[in-house]
Amino acid sequence: MLHYPQFNPIAFRIGPLAVHWYGLMYLLGFALTWVLGKWRIDHGKTDLNLKDLEDIIFYSVLGVVIGGRLGYVLFYQPSEYFAHPLNIFYLWEGGMSFHGGLLGVITVMFLFARHKHRTLLEIGDFVAPLIPLGLAAGRLGNFINGELWGRPTTLPWGMIFPQTHDGIPRHPSQLYEMGLEGFALFALLWWFARKPRPVGQISAVFLMGYGTFRFLVEFTRQPDAFLGLLVDGLSMGQLLSLPMIVIGVIIFVWSAKKSNRAPKP
């Protein structure tokens, strides 16, 4: 049995301004995206340039924040926020959805692709390998905050989170997610993207990989108290991940067939 280390969620203060670790993890995530994106540009993995990368990151920040918040509102607590709509803007109270953030990023990438006369999948194939390390940083932020803990377990690495007020050892599911959705998915995508692939396949591997890892980890993660388990004992996170897997498979198969039909040089 392990005891959760009591982290101070505030990293440091600048006068009256408190800088939280969770916010720093977001900054770290976007910084890693820039570093990895620059590497791919410098090594000829794309014909996009550094300004394109910086534009993508800037607009993706908006997509993550707006999409993540609206996704949480619509997917998790619509009745609560429809009854108190001003609370939607209280971002400091927490409440973000990865799947909503993903939809927000897809929306801004679609608009960026149209502006650059590219397809969404072309931009997605460049961006997909840059995302997982940012997700890992975000899950580390969840762990530092002591939130999104796991279900009870008797495994030796079960951890007691004081925030639960029950003294029951639980899965450190934030660390599972950091390892799978972050490091493992990064390794998979970085390996897969090392060679030229048919358009859409890198995006498809991201969708299938994240959807699968998130679906599996959700079996160890404590469901939201206000939702519990839903259809067939699945959580909301699992129900939102299943379409990602299906869409990823469809894109991968479509891309392979399209590539096989293309005339050979």
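The values are calculated or read from the model by the stated rules, or taken from the named source; none is laboratory data. Not measured: the values here are computed from a predicted model. Every residue, glycine among them, receives a Cβ derived from its backbone with ideal geometry; neighbour counts consider all protein chains shown. Each accessible area value is taken on the protein alone, full model and side chains, heavy atoms only, with ligands, DNA and RNA left out. Shrake-Rupley method; radii C 1.70, N 1.55, O 1.52, S 1.80 Å.
Miscellaneous remarks
- Residue check, Gly141 open to solvent by less than 20 Å² (accessible area, probe 1.4 Å), modelled with pLDDT of 95 or more and within 15 Å of the chain's Cα centre (by Cα): no
- Selection within the range 113-131 - touching a residue at least 60 places away in the same chain (Cβ under 8 Å) and either of a type in the set (Asp, Glu) or assigned to a helix (DSSP H, G or I) (or both): Leu121, Glu122, Ile123, Gly124, Asp125, Phe126, Val127, Ala128, Pro129, Leu130
- Test: Leu148 is more than 14 Å from Thr33 (Cα to Cα), open to solvent by 20 Å² or more (accessible area, probe 1.4 Å), touching a residue at least 60 places away in the same chain (Cβ under 8 Å) and assigned to a helix (DSSP H, G or I): no
- Residue within the range 37-51 that is closer than 27 Å to Ser97 by Cβ, in contact (Cβ under 8 Å) with a residue 24 or more places away in the chain and of a type in the set (A, V, I, L, M, F, W, C) present: no
- Hits in the range 205-228 - residues which are farther than 15 Å from Pro132 by Cβ, touching a helix residue (DSSP H, G or I) at 6+ places or on another chain (Cβ under 6 Å) and either among the hydrophobic types (A, V, I, L, M, F, W, C) or at pLDDT below 95 (or both): Phe215, Leu227
- Scanning the range 52-65 for residues that are in contact (Cβ under 8 Å) with a residue 12 or more places away in the chain and more than 14 Å from the chain's Cα centre (by Cα) yields Asp52, Leu53, Glu54, Asp55, Ile56, Ile57, Tyr59, Leu62.
- Subset of the range 215-236 that is in contact (Cβ under 8 Å) with a residue 60 or more places away in the chain and more than 18 Å from Arg170 (Cα to Cα) - its residue that is surrounded by the fewest Cβ atoms within 10 Å (Cβ to Cβ): Phe226
- Among all residues of the range 43-56, there is at least one that is of a type in the set (Asp, Glu) and open to solvent by less than 30 Å² (accessible area, probe 1.4 Å).
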